[in-house]
Each structure stands twice: as C-alpha cells, then as structure tokens.
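Have a look at the structure below before the remarks.
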Amino acid sequence: MSRTEELNKLLRQLQSGTPEIEASALISEDGLMIASALPQHVDEMRVAGMSSTLISLGSRAALELSRGGLEQVLVRGPQGYVVLSAAASGTMLLVLATREAKLGLVFLDMAKTVKEIAKVL
C-alpha cells in the first residue's frame with residue numbers, strides 16, 4: 001500500500017470512528033493536498049488554498065501575540081466547525097465537523113490520527 005493510500009485510509013477511519021466528522025484532509029503548510037476524504041462536490045484545490053491561508057494567518061497571529069507556534073485553528077459557523085491541527089512536520093490535519101460535535105472528542109480523535117500520520121510520513 002502506498003503512503004497516500006495509507007493516509008487516505010487513516011482519514012476514512014477518523015471519519016468512521018467519529019460520526020460528527022463529515023470530512024477530513026491532510027494539507028501541507030504551503031497549500032498542497034496530500035490526502036483527503038472530502039465529499040466529491042468539494043474542490044480540493046480550493047480547500048487546500050483556504051487552509052494554507054488560515055495556517056499562515058494563524059501562525060502569524062500566534063507569534064505576534066506571543067502565543068508560540070501554531071497548534072490549531074478553529075472556525076465556527078452556523079453549520080459546524082472547521083478545525084486545522086498541526087500534524088507531522090509541515091502538514092496540517094483539516095476536519096469538518098457538525099455543529100453538534102463534541103469538540104473535546106474531535107480533538108482527541110484528531111490527536112490520535114496525527115500520531116498515526118506521523119508514523120506514515
């Protein structure tokens with residue numbers, strides 16, 4: 001199994017283990033899609049680009065406000081959450097979760113998946 005297939009498998013496992021997680025992706029800090037489990041109607045390049053922008057702004061804000069390096073970006077909207085979390089070096093794990101999601105459980109499952117991603121990369 002290739003590394004991309006292994007990463008896609010990990011993302012699908014994350015979603016199947018947490019019903020409130022609707023989609024997920026592994027994105028490089030410079031905006032390249034590494035692996036994804038996104039719905040077919042979602043434009044992967046657009047998601048990767050927006051995620052890269054959020055990562056860049058979050059990193060700058062964290063440093064400028066003396067919060068250290070970026071660990072996580074959280075966006076809340078009427079239909080749910082977008083969570084970006086630092087993964088293996090130079091990558092971020094993106095998760096789209098429902099409004100009803102228990103964020104503590106989402107964070108916990110993301111942390112477990114990040115450990116598995118690090119083993120693959």
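The values are calculated or read from the model by the stated rules, or taken from the named source; none is laboratory data. Since this is a predicted model, take the numbers as computed values, not measurements. With ideal geometry, Cβ positions are generated from the backbone for all residues, glycine too; neighbour counts draw on all protein chains shown.
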> Out of all the residues in the stretch 23-60, which are modelled with pLDDT of 90 or more and among the acidic types (D, E)?
Replying inline: D43, E44
> If you go through the stretch 77-98 one residue at a time, how many are touching a strand residue (DSSP E or B) at 6+ places or on another chain (Cβ under 8 Å) and more than 26 Å from L7 (Cα to Cα)?
Replying inline: 1
> If you go through the stretch 54-71 one residue at a time, do you hit one that is within 11 Å of the chain's Cα centre (by Cα) and over 22 Å from V120 (Cβ atoms)?
Replying inline: no
> Considering only residues of the stretch 63-121 that are part of a loop (DSSP other than H, G, I, E, B) and touching a Gly at 6+ places or on another chain (Cβ under 6 Å), which is farthest from G17 (Cα to Cα)?
Replying inline: L70
> Any idea how many residues of the stretch 63-85 are surrounded by 18 or more Cβ atoms within 10 Å (Cβ to Cβ) and aliphatic (A, V, I, L, M)?
Replying inline: 5
> Does the stretch 76-100 hold any residues that are more than 10 Å from the chain's Cα centre (by Cα), of a type in the set (A, V, I, L, M) and at pLDDT below 95, and which are they?
Replying inline: A88
> Only one of (1) under 22 Å from S2 (Cα atoms); (2) in a strand (DSSP E or B) fails for E22. Which number is that?
Replying inline: (1)
> Restricting the first residue to the stretch 87-114 and requiring it to be surrounded by 22 or more Cβ atoms within 10 Å (Cβ to Cβ), which pairs with a second residue that is acidic (D, E) meet a Cβ separation below 6 Å and a spacing of at least six or different chains?
Replying inline: L96/E22; A97/E20
